[in-house]
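Okay, so here's the structure we're looking at.
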Amino acid sequence: MHNHPISYEIILWLIPFIAIIIFYVQAVQHSNQNYRKWPLYRTILFITGVIFVALSIVGPIAEQSHSNFVYHMYSHLLLGMLAPLLITLSAPMTLLLRSVPVLYARKVSKILKSRYLQTISHPVIATLLNLGGLWVLYTTNLFEAMHHSMLLAILVHVHIFLAGYVFTISIIYIDPTPHRTSYMLRSVMIIFYMAGHSILSKWVYANPPVGVSKLEAELGGMIMYYGGDLIDVIIIIILLKQFYKSTNNKKTTTLLNKYRLN
């Protein structure tokens, strides 16, 4: 009997995530009726990404993360790095533009081209928002404070996910990106982010946040260091693949133009 309130609370927390997955699947069905078939792997990536977000907020990992810094760091990697990457690769904006009426698609496109989104999705700004937020969380009293305020905890989790997602889409272009930046700039920023994230993980290792034991801080710092690097390497591989493809396309276009002139 004592487990019922917890079960109901978990169900309430899961409703938004279930709704998002249902909406995505319905959008896929609509897209398949009007355009070429939507890749199955994108749907799998999206569902997995949403599940990872849910796991970091509700369930065993989320529950343990309140009292165990190691679990908190697993939650951080899921929410702020892995889930944003998977959702980015699922191309949600492309699917949205395909599945809504033309009038709404134009409005969405207008929002995507807005100065505000252009600013926060610039690689430099996106990197500072993402990395800066993590430094504030782990080097100030914010980490301790979020465990005493539900509202603050929600705001921190929302920021971690959104900052991670915006950073990811600023580095690798999967969805339509009106304001593109150079591969050089994006390469520099992902390297800068990796360096900043690695330094922060070492800081956490040596300087446990308030209320965190030395052992948990050391384990959490190692998870942050190696887990973060692994996800960043995946992003770099995707970026290099896109650069290689772009270079080949330019060479092909140049050769075709020369052939036509001759």
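Computed from the coordinates by the stated procedures, all read-outs in this text should not be read as laboratory data. On a predicted model such as this, the values are computed, not experimentally measured, just so you know. Ideal geometry is used to build each Cβ from the backbone, glycine not excepted, and the neighbour counts take in all protein chains shown.
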Distance in Å, no decimals, from the C-alpha centre of segment 157-181 to the one of segment 183-207 is 17 Å
For the chain, longest principal axis from Cα atoms; helix 150-171 axis from its Cα atoms; angle between them, nearest 10 degrees, is 30 degrees
Here, chymotrypsin sites (Phe, Trp or Tyr not before Pro) of segment 132-197 satisfying both criteria (DSSP loop; at most 15 other Cβ within 10 Å) are none
Stokes-Einstein, Kirkwood over Cα pairs, segment 1-96, 37 °C, 0.692 mPa s; D in µm²/s equals 225 µm²/s
Net charge (Lys, Arg +1; Asp, Glu -1) of residues whose beta-carbon lies under 14 Å from that of A206, A206 excluded, is 0
Quick calc of log₁₀ I(q)/I(0), segment 175-243, Debye, one scatterer on every Cα, no solvent, q values 0.18 1/Å, result -0.72
Here the longest stretch of the chain that holds no trypsin sites (Lys or Arg not before Pro) in a DSSP loop having at most 13 other beta carbon atoms within 10 Å is 181-262
Total charge of the residues flanking I172 in space, meaning their Cβ is under 15 Å from its Cβ, with Lys and Arg +1 and Asp and Glu -1, is +3
In degrees, nearest 10, the alpha-carbon axis of helix 183-206 is tilted away from the dominant principal axis of the alpha carbons of the chain by 10 degrees
Working note, segment 52-193: Cα radius of gyration (Å, one decimal) and Dmax (Å, whole number) are 16.5, 49
Residues Y116, Y71 in order from fewest to most other beta-carbon atoms within 10 Å are Y116, Y71
If S114, S75, S90 are placed from fewest to most neighbouring beta carbons inside 10 Å, the sequence is S114, S75, S90
Excluding near-sequence neighbours (fewer than 8 apart on one chain), the chain holds lysine pairs with C-alpha atoms under 17 Å apart numbering 4
Expected vector for segment 118-126, Karplus 3J(HN,Hα) from phi with 6.51, -1.76, 1.60 and θ = phi - 60°, integer Hz, x for Gly and Pro, equals 4, 6, 6, 8, 5, x, 5, 5, 4
Relative contact order in percent for segment 4-247 (Cα pairs under 8 Å, 6+ apart) equals 21 percent
Evaluated at 37 °C and 0.692 mPa s, the Stokes-Einstein D of segment 118-240 based on the Kirkwood radius over Cα pairs, in µm²/s, stands at 215 µm²/s
Note, T127: beta-carbon cut-off 15 Å, +1 each Lys/Arg, -1 each Asp/Glu, net 0
Note on the chain: the mean projected area of its alpha-carbon convex hull, in nm², is 17.2 nm²
Listed with the fewest Cβ neighbours within 10 Å leading, T127, T48 appear as T48, T127
Relative to the chain, whose Cα atoms define the longest principal axis, helix 40-57 and its Cα axis are tilted in degrees, nearest 10, by 20 degrees
